[in-house]
Structures are given as structure tokens and as C-alpha cells.
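Just so you know, all these numbers are worked out from the coordinates, no wet-lab data involved. All values derive from a computational prediction rather than experimental measurement. Positions of Cβ are backbone-derived with ideal geometry, glycine not excepted, and every protein chain shown enters the neighbour counts.
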Amino acid sequence: MAFVNILLTFLRERQESVLLCILGLSLLLLVVVIRLRHGVRRLRRMGLGVVDGETGRFLREELQTIADNLSALSGKLDDLRQQHVDLNTRQQSCIQRVGMVRFDAFDDVGGEQSFALALLDADNNGVVLSNLYGRMDSRAYAKPVTGGASEHSLSTEEQEAIRKAATL
């Protein structure tokens, strides 16, 4: 209760200053309210302009352009998806696995100049190439490979080359 008495005494002694402060705050609040009302009117006009008039026509044209672009991009995306599927299908039959074994085919020739080279696709289909190097001549062989095996007889080196390629 004492605090209230002290406060009332303070306000009575400075009554004119307090009234001037209240008047100043009231005027400031009035200015803020007028500006807010003006801003609300401007926003309403802009909102109506989106639907009607020049601004609305411009906005509709822009939205239509964006929709057309999205439609074109969607078509291009479908084309790219189909190309991706086609490439994946074609890739399965491409050479993806390579295995090579070097060896000495004859006792009188060193340096591992002979080789067996297996070239396989994703399903282990392809070919094994062999080259037998000798001092007087050289022989080359090509044997088809299906599923990692061949219907032709394979040397140990050819089998090793196929095994190396198939394990990649």
C-alpha cells in the first residue's frame, strides 16, 4: 500500500509531464495505425491486381510459360529415361570383363610371349583369344565363350583367363 501512495504522490507532483508523455505516445500510436491502414489498402490493391488488370494478365502469361516449359521438360525427361533403359540393355552385351594370362608356350622360348585373353560381357559371354609364340612361328586361336565356358577344348591358360575375367 505504501508503494501505491508513493506512486500517486509522484504522479501528482509531475502531472503535466505525465500528461505530455501520454499525449506523445497517443500521437505516435495514431501515426502507426494510419501507416498500417495505408499498408493494408496497398496490399489489397496488389492482391486484386494479381487477378485483374495488367498485372494479372502478366502473371497469367508467366504462369502459362512456366507450365509449358515444365511440360516440355517432362517430355525430355521421359526421353532420357528411355535412353537410359536402352543404354543399360545394350551395356549388358558389351565387353565388361577382361582377363589375361601370359605364359611360355614352348620350352625353348622364354619371356612369357604367349598369352590367353578373355573378353566377356556381363553374362560371361564373349571370346577367349590365344596367341602361342614360338621361335619359328606364332599361332593365334579364338574360341567363343558362353556363360563362362566354351564348347571347344580350352587350355589351362585359357581357362585361367576366363576365370580371371569372370571374377571382376
Most mobile listed residue (30, 63, 120) in the chain, GNM with C-alpha springs under 10 Å: 30
Ranked list, fewest to most other Cβ atoms within 10 Å of each Cβ, for 114, 93: 93, 114
Residues with amide H under 5 Å from that of residue 145, placed H, sequence gap 5 or more: 126, 127, 128
Nearest-ten-degree value, helix 2-13 long axis tilted from longest Cα axis of the chain: 70
Matching label, Cα Rg over 2.2 N^0.38 Å computed from the structure shown, candidates [x] 2.89; [y] 1.26; [z] 2.17: [x]
Neighbour-limited loop hits for trypsin sites (Lys or Arg not before Pro), the range 1-109 (at most 13 other Cβ within 10 Å; DSSP other than H, G, I, E, B): 14
Residue-wise HN-Hα coupling along the range 80-86, computed from phi with Karplus coefficients 6.51, -1.76, 1.60 (Hz; x: Gly, Pro): 5, 4, 5, 4, 4, 4, 4
Convex hull volume per residue for the range 97-166, taking Cα atoms only, in Å³: 66
